[in-house]
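*Asks:* Submitted below is the structure of interest, expressed as C-alpha cells.
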Amino acid sequence: MKTSSYLAIIISIILAISIAFTILFVENVGVKDIHGNSRISENDLKCGTEWTVKVRDNLDFDTFEKTLRLKIAEFGYSYDLSQRDITLVDLGDNRVHITIEGLWGIKPDRPNLKTSIAGIEQVEKIEEFEGSPVVAWCQ
C-alpha cells in the first residue's frame, strides 16, 4: 500500500509540474514569433492607436465605446481587456477622434481593428493623417 501511495504522489507532482511548464510556455513563448516579438501587440496597454472618423449623425459616446469594445471582443477573449482605455473626443462637424490602447496594425494574420471600425454603422469613413489612416505610439 505504501508503494502505491508514493507512486500516486509522484504522478501528481509530475502532472502539476507539467501543467506549470505548459502555462509558462504558452504565456512566454507560445504567443511570440520566431524573433521573440509578441504576436499580440494589440494588448500592449503601454501603446496606443488613434483614428479620426467621420460619423453619420450625432453620436452617443457611451454606446459607441461599447460598440468598439464589442468589436475588439470579437477577436477573442485575449483581446477583450476591461482595463483597455478607449478615449473618444468630439471634434465637431460629426468628427470623432478615437484613441484605443494597443498597437492595432493591418498585418494579414492579425486582427484588423481599422476594418472593424470602418464597418460600424455610424461610421461614414476613417480620415487620413498626413497620408496614413492611423497614428500609433508607445510610452
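Each reported figure results from applying straightforward, stated rules to the coordinates on display, with no laboratory input. Given the structure is predicted, the values throughout are model-derived calculations rather than measurements. Here the Cβ positions follow ideal geometry from the backbone for every residue, glycine too, while neighbour counts run over all protein chains shown.
*Asks:* May I ask you to compute the full-extension gain from Asp85 to Val135, defined as 0.36 nm times their residue separation minus their alpha-carbon distance, rounded to one decimal in nm?
*Replies:* 16.4 nm
*Asks:* For segment 41-138, compute the number of Lys pairs whose alpha carbons are separated by less than 22 Å, excluding pairs fewer than 8 positions apart on the same chain.
*Replies:* Here the count comes out as 15.
*Asks:* Also, quick follow-up: Length gain on complete extension for the stretch Ile13 to Lys46, per 0.36 nm per residue less the alpha carbon to alpha carbon distance?
*Replies:* 8.1 nm
*Asks:* To two decimal places, what compactness ratio does segment 45-125 give when its Cα radius of gyration is scaled by 2.2 N^0.38 Å?
*Replies:* For segment 45-125, the normalised Cα radius of gyration comes out at 1.04.
*Asks:* Report the full-extension gain for the segment Asp62 to Tyr77: residue separation times 0.36 nm, less the Cα-Cα distance, to one decimal in nm.
*Replies:* Taking 0.36 nm per residue and subtracting the Cα distance, the gain is 3.2 nm.
*Asks:* Would you report the distance distribution of C-alpha pairs in segment 75-118 as whole percents per 10 angstrom bin, up to the bin with the largest distance?
*Replies:* Per 10 Å bin, starting at zero, the Cα-Cα P(r) for segment 75-118 comes out as 21, 51, 23, 4 percent.
*Asks:* Kindly rank 66-72, 118-124 from highest to lowest mean number of other beta carbons found within 10 Å of each residue.
*Replies:* Put in order of decreasing packing, that is 66-72, 118-124.
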